[in-house]
Amino acid sequence: MYKLLLCWRYLKTRYLAMACIVSVMLGVATLIVVNSVMSGFSTKLRERLRAMQSDVSIESFGMEGFADPHGKMEKIRQDPFLGPRVEAMTATMEVFAMLQYSWPNGERVSRPVKLVGVNADERAETGGFSEFLVLHKDNPSFALPENLRKRFLADEERFLKQLAPVEPPKLLPPDELPSPAPPQVEIKIPEGIILGNLIASIRRKTSEDHPDKKREEVYFLNPGDTVVLFTVSGAKMKPVDARFVVVDYFKSEMSEYDSNFVFVPLPYLQHLRTMGDRVTSIHVKLKDYRTDARQVVDALEHLFPGEMLRVQTWEQKQGPLLAAIDIEKGILNVLLFLIIAVAGFGILAIFSMIVAEKTRDIGVLKALGASNGGVMKIFLGYGLLLGIVGASFGTILGVLISDNINAVEKFLSNITGGDIFNRDLYYFDKIPTNLEISMLVSVNLGAIGIAVVFSILPALRAALLHPVRALRYE
Amino acid sequence: MMEANPLVCAVNLHKTYRRNADRVEVLRGLDLEVHEGEFISVLGASGSGKSTLLHLLGTLDRPDEGAIQFKGRRIDNLPSQERDRLRNQTFGFIFQFYHLLPELNTVENTLLPQMIAHGAWSWWWNRGEIRKRALELLDRVGLSHRLKHRPRELSGGEMQRAAIARALVNRPRVLLADEPTGNLDSANGQHIIRLLRELNRQEGLTIVMVTHNLDLVADTDRVVRLVEGRIEADPNAAAAFDTAMASK
């Protein structure tokens, strides 16, 4: 009982101990804020990666792809283990290409892109496609809407009329046959193309003076505009090209995807690359990813023996990136815990001073019958109490900052005059945060543990003081 | 008429303090018997080992040689836990500089030995009774108007009276007082001695008091003198000491 009372009184009366509380508090708050922001980034990234990827993918190792995707998909459906577990499948072809288009000032620009041939309906069923379309989320399609079709035809006719008039043919002698009628120019409507949002637009600040400094997308490639794609054919690797009309944008909010991906109809891409029915991957959506993923991957690997195919879950596919985030988070946590360790050394120093100051009182306690263990528990309890109070205040502060991180960032940006969080770089409008209970618990336990561990030495010193020497201490 | 068997008995006590190469032999074969209900004064010059004797009797320290018995049972070689319990339950200490804990008020300081004796649950269940005992003692020593005061808000005499209440709260068998009036003026000193005498007579409390003040020993049952680490053999030692001091 006296231990509790003395711990509490020491906490209330020793203002030096406030330094320990503040250092633990700042350490805990820092850990919580950094962890919540990192976790927010990680969760957001994971969500977007997850949304973009099918559950399981079967891929070829090269751009030439593999033949008979429909046969393979049918084989999967017929498999007694795989069939009931598969919800949807689609074949796609992915290949690098060059995209050429015109700036509003007429200047031509080319840029490398990742060209993906998909069947829009099937791809929508496996997820990670239609929900990211900007214009036609409910009806993903490469077909030109009627208004775009008319606009395209009108543009083409205007273009043809602008061509230099052809010299009329010289009249032939009457005994000769009449010349054939001049060939009709047929306007062929190109296939539709869905462009990554960042390919078709740039992000600009709405206004320098705008309080939020919000950025908006300004599109320079609009629906109905034409672009040209250059890629290579299948086996012979010959360059091929085709014109496409922009029908939609793909906006996943993953800058890597939005600035690289373009989607075109799969049959047309197969035709363009003279690849027959070959595709580079089959995307599989499972009914229950959590339970079945691993077994499905194993089963698929056994289903196509001898074929050079790579079967992976989305997590395996993104493994290096996800692992890098986890490693980064782990290392950062270790480094940040050093802050609390520094606070721990503060506790050690301050406790040693308090033990020295309290030497005579320790002697009195022993004279009154307090055991060595009892005296030790007073100082360990004091450390525990400091840890609990510091960690509690730190948790409150950390949670408050995490919840208002954007306001804090705005405030700091205003003070420093620069962007603390570059929204163009991260492509998030707001700093994502994610406060996990497990993280809060482990940070608190860690901080309290460090406070207790660093109070062991002074507590031990207090416990081992000889009562007579302590009573005579001056 | 004294009892045949002493309550506390020190036999051939030796104690030497060592600091680097220096050796100070404080007690050199001291023998002392303290009977139940006795009020003994221990006189001696500074550094004669009076406080050391008190510390050894109260199990705060161990003798280098010799033995200390309580009711015939040797206590100087007991394990730490039992010695702690003896200090808490059997011996009460009063110090020259009061040694009240500055963080606690008068009642809390008085309750401290009870808090040490009880675990949290036991304390919780018996807190009413324990507190009642402390308040009675504080009333008896005349501090019922200073219950919530911290030591820094009390006078020297009040602090010593609070220390006496603290020493008595666990109903000890022996009170060990180390110059309890050494830091007080004569009026307060007399008051404390009267209080101790009262406790001795009314409650049968055994008291061993170390003092320098010859004016105070008159009220005690027996005076022993420490000379060269031993109790003066002469039964009239106190009187001789008194005369010697008076002639100075």
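Of the residues making up the stretch B:124-176, just one is in contact (Cβ under 8 Å) with a residue 60 or more places away in the chain, farther than 20 Å from B:Gln96 by Cα and among the polar types (S, T, N, Q), namely B:Asn170. Does A:Ser42 satisfy the criteria of being in the same structural domain as A:Pro432 (by TED's automatic domain parsing) and not aliphatic (A, V, I, L, M)? So A:Ser42 fits the description; yes. When B:Phe95 is tested against (1) within 19 Å of A:Leu471 (Cβ to Cβ); (2) more than 9 Å from chain A (Cβ to nearest Cβ), exactly one condition is not met: (2).
Within the stretch B:7-44, the residues that satisfy the criterion of being assigned to a loop (DSSP other than H, G, I, E, B) and free of Cβ contacts under 8 Å to residues at least 40 places away in the same chain are B:Asn20, B:Ala21. Of the helices (runs of 4 or more DSSP H) lying entirely inside the stretch B:59-177, the ones with 1 or more residues being out of contact with any helix residue (DSSP H, G or I) (no Cβ under 9 Å at 6 or more places or on another chain) and surrounded by 18 or more Cβ atoms within 10 Å (Cβ to Cβ) are found at B:80-89. A count restricted to the stretch B:98-114 and to residues that are facing chain A (nearest Cβ under 9 Å) and within 18 Å of A:Pro467 (Cβ to Cβ) stands at 5. Considering only the stretch B:115-147, state which residues are within 14 Å of chain A (Cβ to nearest Cβ) and among the basic types (Lys, Arg). Passing the criteria: B:Arg127, B:Arg131. Specify the residue that is surrounded by the fewest Cβ atoms within 10 Å (Cβ to Cβ); the eligible residues are those in the stretch A:360-374 that are charged (D, E, K, R) and under 16 Å from A:Pro458 (Cα atoms). In this case the residue turns out to be A:Arg360.
For A:Gly369, the conditions (1) more than 30 Å from B:Ile116 (Cα to Cα); (2) not in a helix (DSSP H, G or I) are fulfilled apart from (1). Residues in the stretch A:277-300 that are under 27 Å from the mean Cα position of the chain (by Cα), in contact (Cβ under 8 Å) with a residue 60 or more places away in the chain and not in a loop (DSSP other than H, G, I, E, B): A:Ser281, A:Ile282, A:His283, A:Val284, A:Lys285, A:Leu286, A:Tyr289, A:Asp292, A:Ala293, A:Gln295, A:Val296, A:Val297. How many residues are within 12 Å of another protein chain (Cβ to nearest Cβ) and surrounded by fewer than 23 Cβ atoms within 10 Å (Cβ to Cβ) if we restrict to the stretch A:327-359? The total comes to 3. Filtering the stretch A:1-16 to residues that are over 19 Å from A:Met353 (Cβ atoms) and more than 8 Å from chain B (Cβ to nearest Cβ) leaves A:Lys3, A:Trp8.
Only a single criterion out of (1) surrounded by fewer than 17 Cβ atoms within 10 Å (Cβ to Cβ); (2) in contact with an Asp or Glu (Cβ under 9 Å, 6 or more places away or on another chain); (3) in a helix (DSSP H, G or I) is not satisfied by A:Leu4, namely (2).
Filter the stretch B:9-46 down to the residues that are within 17 Å of B:Val224 (Cβ to Cβ) and among the small types (Gly, Ala, Ser), then identify the one that is surrounded by the most Cβ atoms within 10 Å (Cβ to Cβ). Going through the qualifying residues, I end up with B:Ser41.
Taking the criterion of being touching a residue at least 60 places away in the same chain (Cβ under 8 Å) and more than 20 Å from A:Val245 (Cβ to Cβ), the residues of the stretch A:113-131 that qualify are A:Glu125, A:Thr126, A:Gly127, A:Gly128, A:Glu131.
Just one of the listed residues (A:Asn444, A:Asn414) is in a helix (DSSP H, G or I) and either at pLDDT below 90 or under 30 Å from B:Leu100 (Cβ atoms) (or both), namely A:Asn414. Within the stretch A:17-51, the set of residues being surrounded by fewer than 17 Cβ atoms within 10 Å (Cβ to Cβ) and within 14 Å of another protein chain (Cβ to nearest Cβ) is empty. Does A:Leu397 count as surrounded by fewer than 19 Cβ atoms within 10 Å (Cβ to Cβ), among the aliphatic types (A, V, I, L, M) and modelled with pLDDT of 90 or more? The answer is yes for A:Leu397. Selection over the stretch A:10-35 of residues that are more than 25 Å from B:Pro102 (Cα to Cα), at pLDDT below 90 and among the small types (Gly, Ala, Ser) gives a count of 2. Filtering the stretch A:129-154 to residues that are assigned to a loop (DSSP other than H, G, I, E, B), surrounded by fewer than 19 Cβ atoms within 10 Å (Cβ to Cβ) and not polar (S, T, N, Q) leaves A:Val134, A:Leu135, A:His136, A:Lys137, A:Asp138, A:Ala143, A:Pro145.
Scanning for something acidic (Asp, Glu) and either touching a Leu at 6+ places or on another chain (Cβ under 8 Å) or at pLDDT below 85 (or both), does the stretch A:66-74 turn up at least one residue? So far as the stretch A:66-74 goes, no, none of its residues is acidic (Asp, Glu) and either touching a Leu at 6+ places or on another chain (Cβ under 8 Å) or at pLDDT below 85 (or both).
The values are calculated or read from the model by the stated rules, or taken from the named source; none is laboratory data. Please read these numbers as outputs of a predicted model, since none were measured by experiment. Cβ sites come from the backbone with ideal geometry, for glycine too, and all protein chains shown count toward neighbours.
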